[in-house]
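First comes the structure, then the notes that go with it.
The values are calculated or read from the model by the stated rules, or taken from the named source; none is laboratory data. Predicted model, so just to flag it, every value in this text is computed and none were measured. Reconstructed Cβ throughout: ideal geometry from the backbone, glycine too, with neighbour counts over all protein chains shown.
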Amino acid sequence: MNSPIFDFIKNYSGSKHIRAHMPGHKGMDFLGCEHLDITEISGADSLFDASGIIGESEANASSLFGCPTFYSTEGSSLCIRAMLYLISLHAANTGKRAHILAARNSHKTFVNAAAMLDIEIDWIFPENGENYLSCVISPKRLDALLDGYNVKPCAVYITSPDYIGNICDIAALSEVCKKHGVILAVDNAHGAYLKFKTPSMHPIDLGADICCDSAHKTLPVLTGGAYLHISDSAPDIFAQYAKKALSLFASTSPSYLILASLDIANTYIYKEYNSELSRFTDEVKALRKSLELPFIGDEDIKLTLDAKAIGYTGTELAGLLSENTIEVEFADPDLVVLMLTPQNTREDLVRIKSAFDAIPKKSAISEKPPQFHKPEPVVSPREALLSVSERLPIAECESRILAFANVSCPPAVPIVSCGEKITAEAIRCFEYYGIEYCDVIK
Ligand SMILES: Cc1ncc(COP(=O)(O)O)c(C=O)c1O
């Protein structure tokens with residue numbers, strides 16, 4: 001498989017052309033990578049009107065993923081906005097209301113995009129006792145929820161894998177969606193690599209109509225590189241309007257460094273990724289087994305540890321690992337998440353093992369996250385986002401309405417969503433997770 005974008009940039013950077021075009025660094029290496037950073041010059045194609053090297057590279061990605069695949073240089077965040085636009089377009093085109101039934105653990109981009117596009121959301125909340133970062137919906141539950149509508153929502157939106165490594169039964173959920181004539185859209189930001197497991201566990205192969213993958217999260221791609229994938233089962237309008245959908249929300253100056261990174265990743269994936277992933281998965285499985293720690297979640301190569309079960313908060317454990325020069329992806333009072341890929345070396349795994357072995361195991365901490373009931377929606381997310389707001393210390397937010405889901409990333413999953421009332425119970429929850437301020441409607 002070729003790498004037309006990378007080859008073009010390499011040739012250009014080795015040529016004697018005077019760069020009388022953007023970017024302003026003119027290929028001078030301040031950071032070290034500027035010589036590879038170009039813009040849409042002649043021959044370099046155009047991301048949202050791709051008929052040259054970018055089109056060729058996207059065709060390579062499409063053949064790897066087995067479905068129409070479009071590049072984003074602005075992460076899954078851009079793809080999520082595009083997915084919601086396409087769902088709205090489909091709704092308008094079929095005379096339906098833009099209305100989505102969504103798992104509550106959605107990334108904040110989903111809520112914000114739905115608000116901007118005036119899409120109504122019905123939330124599916126996690127079952128009792130489930131972490132707020134998860135929402136593993138059973139097919140039976142989804143079927144019952146969809147049965148409850150006279151006029152069905154136009155799409156179901158789920159996040160799988162979630163931040164802490166749980167995976168939904170997408171094959172079964174897609175059957176349910178098909179039965180009810182509803183689109184299944186999946187935030188697969190954490191699961192680009194799932195395509196290359198044997199058999200594939202990628203949402204599109206399991207029946208999802210549309211999904212996004214952050215290539216940069218699990219594949220060797222620069223931060224910002226992502227894919228929008230569309231299934232053959234999706235309405236034709238999705239693939240036809242995918243570029244338009246992406247361009248609506250994107251910068252007109254896509255990063256060629258990121259494009260080149262997506263491009264060169266195709267070659268690597270084609271040549272060796274399946275076997276590399278399988279080798280690495282076995283190594284992480286062996287590590288997991290040897291550690292004998294209370295890991296949770298379904299993903300093989302993401303290690304999510306129930307820190308309290310060994311007597312630490314997740315944040316304490318992350319601190320201890322950091323002292324041992326291991327930087328984790330995410331930690332909160334309960335959990336610590338290590339995201340690993342085949343680009344981690346064997347030596348990395350050995351060091352992770354020694355670091356965990358050196359941490360004395362203590363008796364479990366019994367304190368659970370505060371119980372939290374469904375927040376009451378007072379105004380629509382759109383009305384909330386378009387309201388003037390003020391930032392207040394969390395203790396002063398009781399009975400106020402959240403204007404803006406200002407949760408940090410990671411995990412960027414709102415506890416209370418915009419337009420909902422902040423109760424005393426919610427405040428306890430915010431405090432537990434270390435959230436100090438909220439933007440509330442003035
Ligand atoms: C579940 C989920 N969806 C979407 C995103 C946004 O992805 P990106 O950072 O590629 O824009 C993230 C980011 O962490 C995420 O965790």
Any hit, region 342-363, residues being assigned to a strand (DSSP E or B), under 25 Å from C429 (Cα atoms), modelled with pLDDT of 95 or more and small (G, A, S): no
The listed residue being within 16 Å of the ligand (Cβ to nearest atom) and in contact (Cβ under 8 Å) with a residue 24 or more places away in the chain, out of A91, A102, A98: A102
Leading residue by the ranking (nearest to P370 (Cα to Cα)) among those in region 419-442 that are surrounded by fewer than 18 Cβ atoms within 10 Å (Cβ to Cβ) and of a type in the set (D, E): E425
Qualifying positions in region 392-442 - hydroxyl-bearing (S, T, Y) and part of a loop (DSSP other than H, G, I, E, B): S399, S408, S417, T423, Y433
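From the set of residues in region 48-74 that are of a type in the set (D, E, K, R) and in a helix (DSSP H, G or I), which is farthest from K197 (Cα to Cα)?
For region 48-74, the residue satisfying everything is D49.
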Verdict on A91 being out of contact with any strand residue (DSSP E or B) (no Cβ under 6 Å at 6 or more places or on another chain) and buried (at least 19 other Cβ atoms within 10 Å of the Cβ): yes
Answer from S233, S290, S261 - the residue that is modelled with pLDDT under 95 and of a type in the set (S, T, N, Q): S233
Among the candidates S251, S290, residue that is surrounded by fewer than 24 Cβ atoms within 10 Å (Cβ to Cβ), within 15 Å of the ligand (Cβ to nearest atom), outside any strand (DSSP E or B) and small (G, A, S): S251
Candidate set from region 140-194 (those that are assigned to a loop (DSSP other than H, G, I, E, B) and of a type in the set (D, E)); member that is nearest to the ligand (Cβ to nearest atom): D162
Some residue of region 55-65 being touching a helix residue (DSSP H, G or I) at 6+ places or on another chain (Cβ under 7 Å), more than 16 Å from the ligand (Cβ to nearest atom) and more than 20 Å from I258 (Cβ to Cβ): no
Region 395-418, subset free of Cβ contacts under 8 Å to residues at least 60 places away in the same chain, within 27 Å of the chain's Cα centre (by Cα) and away from the ligand (no atom under 16 Å from the Cβ), residue surrounded by the fewest Cβ atoms within 10 Å (Cβ to Cβ): F404
Residue match in region 312-329 (condition: within 29 Å of H202 (Cα to Cα), modelled with pLDDT of 95 or more, out of contact with any Leu (no Cβ under 7 Å at 6 or more places or on another chain) and in a helix (DSSP H, G or I)): no
Close pairs from region 154-183: first farther than 23 Å from T109 by Cβ and acidic (D, E), partner part of a helix (DSSP H, G or I) and away from the ligand (no atom under 16 Å from the Cβ), Cβ under 8 Å, at least 6 apart: D169/P139; E175/P139
